[in-house]
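What follows is a set of notes on a single structure, which appears directly below.
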Amino acid sequence: MIPFFILIKFFYLVGVSISLIFLSKNFTITLLILCDILVSILIILLVVKSRALRKANKTIECEEKLYESLLTSYDSVRGFKHDFSNIMQSIGGYIFTNDINGLKKYYSSVFSECKILNKFSSLNKDVFNSPPVLSIVTDKFYKARELGIDFNIEVLTDLTSLNIDIYEFTRMLGIFLDNSIEAASKSSKKVINVIITKDIRNSCDLMIIENSFSDKSIDTNKIFDKNFSTKPKNSGIGLWKVKKILDKHDNLYLNTSVSDNLFRHQLRIYY
């Protein structure tokens, strides 16, 4: 497409030069107009192709992250299944020796691994039927896990039916999760909870993102101001961008609060 565009541009310049030398003024103007229309069409086609390519690359990226998630989940389940016989024998040893305290500790370790497997199983297409949301959540899930953060997520609504542009939704979701991961990583509890559900009584979809934190002096009224940040070298425009998106829509309502040692965003998306 691009070489063809360059070729057309070349002939366009040649045609204009010839017409200026040999042809009438009216014919020259007509040729200029036609060539301009042709070049404009080619530019539009290039833009459309470029957007389609970016969308295809984004889809591929989502699929790759999904594959990584499923592969990790599969390996974990396969490893757990392989060790199941040994696990049962170990439990039998504690029972045989009547070591209840040892059995409790062992059970706690097994239960922790089962919880991780359950969290992996939640990251699938049946739950996240929106590839962009799945991509964001999967990426943040693994980042949180690497930092030792307990990342819990529950989706109880159809993500494709949200009354908001998916690009704007994922922008806000990404900003919320980035902030949550940073705050939770510095806290002692290290937990993030995400719930996306349908609030039928209030005719809206509800997303709740909460995280543990250590900065008890945070002002929930100032965090949306431009350039406000608790980090010395940070530009502080993340939540300011969220506010700009919220201000554009009259069906979005965000409540930010602190309670029970958790920092919480509650975003309502009205039908």
Exercise. Which value in Å does the Kirkwood hydrodynamic radius of region 124-271 take, with 1/r averaged over all unlike C-alpha pairs and then inverted?
Worked result: 15.7
Problem set entry | Inter-probe distance in nm under a simple model that places probes 7 Å from Cα toward Cβ, at residue 199 and residue 251 | 1.6
Exercise. Once you put a point 7 Å from the Cα of residue 216 and another 7 Å from the Cα of residue 260, both along the Cβ direction, what distance in nm separates them?
Worked result: 2.0
Seminar exercise, completed: Under the 7 Å Cα-to-Cβ spin-label approximation, residue 54 and residue 39 lie apart by a distance in nanometres of 2.4
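Could you order the peptides 189-200, 213-224 from most to least packed, using the average number of other C-beta atoms within 10 Å per residue? Kindly include the intermediate steps, with their values, before the conclusion.
On the way: 189-200: 16.8, 213-224: 12.1.
Top of the packing list down: 189-200, 213-224.
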For this session: Starting from the Cα-Cα distance between residue 158 and residue 95, subtract it from 0.36 nm times their residue separation and give me the gain in nm to one decimal.
Result: 18.1 nm
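What full-extension length gain, to one decimal in nm, is calculated for residue 107 and residue 146 as 0.36 nm per residue of separation minus the Cα-Cα distance? If you can, show how the numbers build up before the last one.
On the way: separation 39, 0.36 × 39 = 14.04 nm, distance 2.38 nm.
My answer for the length gained is 11.7 nm.
Just so you know, all these numbers are worked out from the coordinates, no wet-lab data involved. This one's a predicted model, so the numbers in the text were calculated from it and none came from an experiment. Because the Cβ atoms are built from the backbone with ideal geometry, glycine has one as well, and the counts that use them run over all protein chains shown.
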